[in-house]
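Asker: Have a look at the structure that comes next, please.
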Amino acid sequence: MKKRPALRGTAGFLALLPTVLWAQAMETDPLVATSDIDNTVTITANRGNSDVEVRPAITPSQTLSGTELVHRRQGGLGETIAGLPGVHLDSFGGGASRPVIRGQTLPRVEILSDGAALFDVSSVSPDHAVTADPLLLDAIEIIRGPAAIRYGGNAVNGAINLIDSKVPRSLPAGGLAGASEVRYGFGDGEKTAVGRVTAGMGQFAIHAEGVRRHADNYEVPGGYGVDELPDSFAENTSYSIGASWITAKGYIGAAFTRMKSRYGLPGHSHLNGVCHTHDMDLHCTAHGGFDDPFGSPDSHTAFIKLRSDRVDIRADYADLLPGISHTRLRVSHTDYAHDEIDGAMLFTRYTNKVWDGRLELTHRPLLGFTGTLGAQYTDGTFSGINVEDLHVPFPENAYGLVPPYYYLTKNVGLFLSERRSFGAVDLELAVRKDWREMRVPAPTFLATMTPEYEAMFTEWYGSDWRQILESEYVDDFLARNPGTKHQPFSASLGGVWNLGQGYSVGLSFGHTERAPNVRELYARGNNLSTNSYELGLAVNNPVLAESKRPVGDVLESTDSIDLTFRKSGGPLEGEIGVFYQDVGDYIFARLIETETATGVAHNFLAYTAADVRFAGIDGQVSYQVTPASRVTVFGDFVHARMKRMDDHLPRIPRGRLGVRYDRNWGPLSADLEVSRTFGQSRIASYETETAGYNMVNATLAYRLDMGLRQSLELYARGTNLGDELAYAHTSFVKNQSPLRGRSIALGMRYAF
């Protein structure tokens, strides 16, 4: 394809400028906030508690906010925070990207919306987007250690807390506040308009925000063989309306959020839709009752069409109850659905409807301890896996169970965290216990018999032939999809020794148990996004049966040690973390065989549990050379080893090292970042080695103070300026979806 002329792109950007009048509001606008990546943060769970002294976190935590967040923001969460120490990217084109923290991604990383779980289906497959738009966020927190225990076993490698303003926490100064932003991207033709506004009326505040983003297929370096990556386009519309009642002691409010998205699936192939198994043997040719459900050329555009509706109720109050200094409430209802479409064929649909409630009570100091007791209840209904032929009509003179197949989950969690200072030493402990039950009710039984066939079946089975067949199919289905119960327990103990002059040393020990998610338990069929046939733990899995263990006994158990060195204040600042994780019953997809009969390799993967270990280091150190300039060195490294298997874990990043220079000239600021991501040769049996690559990014921004709390910023952000062909080893589809080539985004942001 021909590349777009730069002049046409500039014209497109200028055409967007009038939309700057679309206003957007927030209590603290990222444009006005300071630009930095803060490594000593106040975890949001403690926000609003005046009795808690702001001290360094026990284990590594980061927050991305201010102009740094404004400039880094991309269409997906993974792309936005990739590059932070210890954070890599699991990419799937321009529409879906998941963060990888210390070598692991979802479901071992929990995504939160202002302290409440974000319910989508991004933990089920890498081609599923995280339903949060970074363009509407005020800050992103990355939480680890004792502070993450309260969010359960899925936060074993950290929790990513997305801070927004859709439920106002305070009244805007002057009664009205807002901001707007427009962007144009060279490299993918991105056109983005963002806005939000908050208005105060007495004790009430009303908030509205929205974003519209459209991006074409993104350009890739010439070494890939094409100018643009086919089917890497993405478009998104999100908006939210919220209101709060605000008093001197806190607030209570609610918001409705809708997100609609449409994005392509690079490298998607439906040729392997015919693949099936005979016992533990994978076949990818049609025969008997196993047909190709697509029966068409593999040249259509495959894409996902997504819609997510969410209602949030949030409250934070001080001194609401005797002995309780802070009360926090989070209630949400999520109604999520997306269609996966190949050409004109809707071949599968995912849904997730979840009610979730969370209450936290922070008590006043008791025997020197300050802590939070909380409870969480979740009730969800999910569907989508094991269906790749939704477009195929049910045949005549046939019978059987028809989708959707629903997976029902109920979870109750109790948690407690306590903190106390002993002079220069801060101690923190946290525990959480969950009771989770999953069940799979039998789907609808359908029989489409002509009168002739009905007479034949009546003769064979009697007049109640339909009930007999339905009973047989239902019993078989329930036997292959048994209900499961898990009771994971997690605990952490950590301490920080404040050495003075900004230096501190943190040490924490953790034990985290994680229950397998719905795909790890119940997968039994093709996943065309990853070119694999998957077999879950609970569906008569012969690999698990060899160990003679019931699936309810499989709990991923992680014992971890984190050692953190920090320096804050003064010209030298930084944080370096060293970690070790010993994981029992680590759940992963083990290769059984690879079938190539269709010309596209298809892996037969069976989920199993093994003992593994992770060790690594990550962090950054910065030095203020002059009052207007700073140099930062950052990097990370992770090493994973399977203890008793002659193989390596898949999609583990090797390491990265980089340097960044920031400089200010009054209203003008700039930064230049150069990094090296090292190649990975320790690969799983079905992977290929990934070469290392260099990445050069830069930002130039000019901020104009217009008075009366108004400001305007113009910025340009360039990524991969060297236009180097790069593949993310953490991606399921690295060869079909290389990273973006040279890209430049121009933006203008106005705040009042």
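Asker: Return the pair list, or none, for Cβ contacts closer than 9 Å from residues in segment 581-602 that are at positive phi to residues that are surrounded by fewer than 17 Cβ atoms within 10 Å (Cβ to Cβ) and of a type outside the set (Lys, Arg), at least 6 apart or on different chains.
Answerer: That search, which allows pairs on different chains as well, returns ASP585/ASP553; ASP585/ASP611.
Asker: Taking TYR580, is it over 30 Å from CYS275 (Cα atoms) and either surrounded by 15 or more Cβ atoms within 10 Å (Cβ to Cβ) or aromatic (Phe, Trp, Tyr) (or both)?
Answerer: So TYR580 passes the test.
One line per residue, one yes/no per condition, for (1) in contact (Cβ under 8 Å) with a residue 60 or more places away in the chain; (2) of a type outside the set (Ser, Thr, Tyr):
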{"residue": "ASP426", "(1), (2)": "yes, yes"}
{"residue": "GLU437", "(1), (2)": "no, yes"}
{"residue": "THR444", "(1), (2)": "no, no"}
{"residue": "THR450", "(1), (2)": "no, no"}
{"residue": "PHE457", "(1), (2)": "no, yes"}
{"residue": "LEU469", "(1), (2)": "yes, yes"}
{"residue": "ASP475", "(1), (2)": "no, yes"}
{"residue": "ARG480", "(1), (2)": "yes, yes"}
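Asker: I've got another one for you. Report, by residue number, each residue of segment 714-736 that is at pLDDT 95 or above, part of a loop (DSSP other than H, G, I, E, B), touching a Lys or Arg at 6+ places or on another chain (Cβ under 8 Å) and not aliphatic (A, V, I, L, M).
Answerer: Hits for segment 714-736 are ASN720, GLY722, ASP723, TYR727, HIS729, THR730, SER731.
Asker: Would you call VAL130 surrounded by fewer than 24 Cβ atoms within 10 Å (Cβ to Cβ), of a type outside the set (Asp, Glu) and in contact with a strand residue (DSSP E or B) (Cβ under 8 Å, 6 or more places away or on another chain)?
Answerer: yes
Asker: Next question. Report, by residue number, each residue of segment 428-460 that is loosely packed, with under 14 Cβ neighbours inside 10 Å and under 27 Å from ARG480 (Cβ atoms).
Answerer: Within segment 428-460, TRP435, THR444, LEU446, THR448, TRP460 qualify.
Asker: Something else about it: Residue pairs, Cβ under 9 Å, 6 or more apart or interchain, first in segment 83-102 and closer than 16 Å to ASP188 by Cα, second assigned to a strand (DSSP E or B) and among the aromatic types (Phe, Trp, Tyr). List them.
Answerer: So the pair list comes out as PHE92/TYR263; GLY93/TYR263; GLY94/TYR263; GLY95/TYR263; GLY95/PHE303; ALA96/TYR263.
Asker: Run down ASN541, ASN531 and say which single residue is buried (at least 16 other Cβ atoms within 10 Å of the Cβ) and either touching a Pro at 6+ places or on another chain (Cβ under 7 Å) or closer than 30 Å to GLY264 by Cβ (or both).
Answerer: Matching residue, one of ASN541, ASN531: ASN531.
Asker: Could you please find all residues in segment 517-532 being among the hydroxyl-bearing types (Ser, Thr, Tyr) and touching a His at 6+ places or on another chain (Cβ under 7 Å)?
Answerer: SER529, SER532
Asker: Can you confirm whether SER557 is part of a strand (DSSP E or B), of a type outside the set (Val, Ile, Thr) and under 22 Å from the mean Cα position of the chain (by Cα)?
Answerer: Spelling it out, SER557 is indeed part of a strand (DSSP E or B), of a type outside the set (Val, Ile, Thr) and under 22 Å from the mean Cα position of the chain (by Cα).
Asker: Please go through segment 430-448 and give me each residue that is under 22 Å from TYR407 (Cα atoms) and more than 24 Å from the chain's Cα centre (by Cα), ordered by number.
Answerer: The answer is ARG439, VAL440, PRO441, ALA442, PRO443, THR444, PHE445, LEU446.
Asker: Conditions: (1) within 24 Å of the chain's Cα centre (by Cα); (2) small (Gly, Ala, Ser); (3) within 22 Å of ARG654 (Cα to Cα). ALA610 meets all but one. Number of the miss?
Answerer: Against the list (1) within 24 Å of the chain's Cα centre (by Cα); (2) small (Gly, Ala, Ser); (3) within 22 Å of ARG654 (Cα to Cα), ALA610 comes up short only on (1).
Asker: All but one of (1) in contact with a helix residue (DSSP H, G or I) (Cβ under 8 Å, 6 or more places away or on another chain); (2) among the β-branched types (Val, Ile, Thr); (3) under 24 Å from ARG314 (Cα atoms) hold for VAL121, so report the exception by its number.
Answerer: Result: VAL121 fails condition (1) only.
Asker: Which of the residues that make up segment 521-535 are touching a Leu at 6+ places or on another chain (Cβ under 6 Å) and in a helix (DSSP H, G or I)?
Answerer: LEU521
Asker: Out of all the residues in segment 657-678, is one or more farther than 28 Å from PRO571 by Cβ and in contact (Cβ under 8 Å) with a residue 12 or more places away in the chain?
Answerer: yes
Condition check ((1) assigned to a loop (DSSP other than H, G, I, E, B); (2) of a type in the set (Asp, Glu); (3) closer than 24 Å to ALA606 by Cβ; (4) touching a residue at least 24 places away in the same chain (Cβ under 8 Å)) across all residues:
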residue	(1), (2), (3), (4)
THR277	no, no, yes, yes
ASP298	yes, yes, no, yes
ASP316	no, yes, no, yes
THR327	no, no, no, yes
ASN352	no, no, no, yes
ASP356	no, yes, no, yes
THR362	no, no, no, yes
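Asker: Could you say whether any residue in segment 373-389 is in a strand (DSSP E or B) and more than 26 Å from LEU521 (Cα to Cα)?
Answerer: Yes: one or more hits.
Asker: Continuing with the same structure: Give segment 498-520 a look and list any residue that's in contact with an Asp or Glu (Cβ under 9 Å, 6 or more places away or on another chain), in a loop (DSSP other than H, G, I, E, B) and not small (Gly, Ala, Ser), or say none.
Answerer: Correct list: PRO516 only.
Asker: Please enumerate the residues belonging to segment 473-491 that are assigned to a helix (DSSP H, G or I) and surrounded by 12 or more Cβ atoms within 10 Å (Cβ to Cβ).
Answerer: Across segment 473-491, the qualifying residues are TYR473, VAL474, ASP476, PHE477, LEU478, ARG480.
The values are calculated or read from the model by the stated rules, or taken from the named source; none is laboratory data. Keep in mind the model is a prediction, meaning the values are calculated, not measured. Please note: Cβ atoms are built from the backbone with ideal geometry, for glycine as well, and neighbour counts cover all protein chains shown.
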